[in-house]
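As structure tokens, the structure follows; a few thoughts come after it.
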Amino acid sequence: MTSQATALSFVALLLASATVASAADLPSRKGAPVAPPVLSACSESEGIPTDAFGFTTGSDVADKGSFGTSLTYGGAYGTRTGSSNGHGLQLQGSYGLLPCLEVGPYLLGGYTNASLGGVSADSTSYGAGVEMKYRLLGRDLHGLGLTVVLDPSVNRTDPDGAGRFTTYNTGIRLFADKTLVPGKLYAALNLSHDMTWTGPDPYGRSSTFTVGGSLAWQALDGVYLSGEVRHQRRYTDLGFGNEAGYATFAGPGIYWQASKQLAISAAYNVQVAGKAKGQPGDLDLTNFSQHLVKVKAAYSF
């Protein structure tokens, strides 16, 4: 073999060794590090059902693009004079329009069976509204969930023996909640102010301020038991100037996640203290009912 052939063979051997070494290195190369998930106010590692607290509401909102519907029965019983049994239904759809923003239009229908001094005071009503919820704070990021709510509605009432009238209501609310013991115990706090215009023109003005707190305990997987206390004050104007009366309610609630899509909840409140302006007694049965019932079925798609 010539010296030239020997040199060419040596170069070929070096190239082959380099190629094998490069090929052997390929499987051991690591990709770029995966960025940790970005936390936001509307992404939580542990969700809390909004209806687990009874009449009080949790702060979670629908995920973007998700849709659900619910049917809620509300009952109100007991008044100072005569009798009054109120029944109402609310059919609502909820849609995650944007991140942290949920929009929930609803329809209302109601019937009140009442009498005063032996004279019937029955009435029927129907209406519509839209509940708009925006999540400000998330529990994972801030330790506290906080949602602001704007809830305008209109209601048409037809009482027996009297003319129909229209009621316009605007509710401004804050829903807050917090995990106390992960997977077991949760707390919620609600603040609400409802401003009401009642016609016909000139419209009467009134408002109701509510503060409510509740604890919910997950007794079994998907089953929550709750206890709550709520305090309400009624005013004869849109602000806080002329108080007509106040009432404090307390009661239990239960929530059951029957399936991945279906949830059923129920709550009961009884008035335990109160006072109506210019009226005797330890309860306000002029502006508020003595017993309140809420039953809700919700389905998510």
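The values are calculated or read from the model by the stated rules, or taken from the named source; none is laboratory data. Everything numeric in this text was worked out from a predicted model, so none of it was measured. Cβ: placed from backbone, ideal geometry, glycine included. Neighbour counts: every protein chain shown. To get the accessible areas, we keep the full protein, side chains included, count just its heavy atoms, and leave off ligands, DNA and RNA. Shrake-Rupley method; radii C 1.70, N 1.55, O 1.52, S 1.80 Å.
Data overview
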read-out	value
0 to 90° range, to nearest 10: angle between helix 3-25 axis and the chain longest Cα axis	20 degrees
Neighbour-limited loop hits for chymotrypsin sites (Phe, Trp or Tyr not before Pro), the range 121-229 (at most 16 other Cβ within 10 Å; DSSP other than H, G, I, E, B)	Y203
Distance in nm between pseudo-label sites at Q261 and Y95 (7 Å out along the Cβ direction from Cα)	1.9 nm
Qualifying lysines (Cα of each under 20 Å from Cα of K178; at least 8 residues distant if same chain)	K133
Within the range 195-211: backbone nitrogen closer than 14 Å to the T166 label point (7 Å, Cα to C-beta)	197-204
The chain, relative contact order in percent, only Cα pairs under 8 angstrom and at least six apart counted	16 percent
Neighbourhood charge, 15 Å Cβ-Cβ cut-off, centred on T72 and excluding it, Lys, Arg +1 and Asp, Glu -1	-1
Given charges at beta-carbon only (K, R positive; D, E negative), |dipole| of the range 100-155 in Debye	140 debye
For the range 108-137 versus the range 219-276, the gap between their alpha-carbon centres in whole angstrom	17 Å
For the chain, size of Cβ-based charge dipole, Lys and Arg +1, Asp and Glu -1, in debye	220 debye
Around R234: net Lys/Arg minus Asp/Glu count, Cβ-Cβ under 14 Å	+2
Rounded percent of accessible protein surface that carbon and sulfur make up, the chain, 1.4 Å probe	65 percent
Using distinct alpha-carbon pairs, which all enter the 1/r mean, Kirkwood radius of the range 92-175 in Å	15.2 Å
Accessible surface, per residue, of the range 115-263 when the full set of protein chains is kept, probe 1.4 Å, Å²	50 Å²
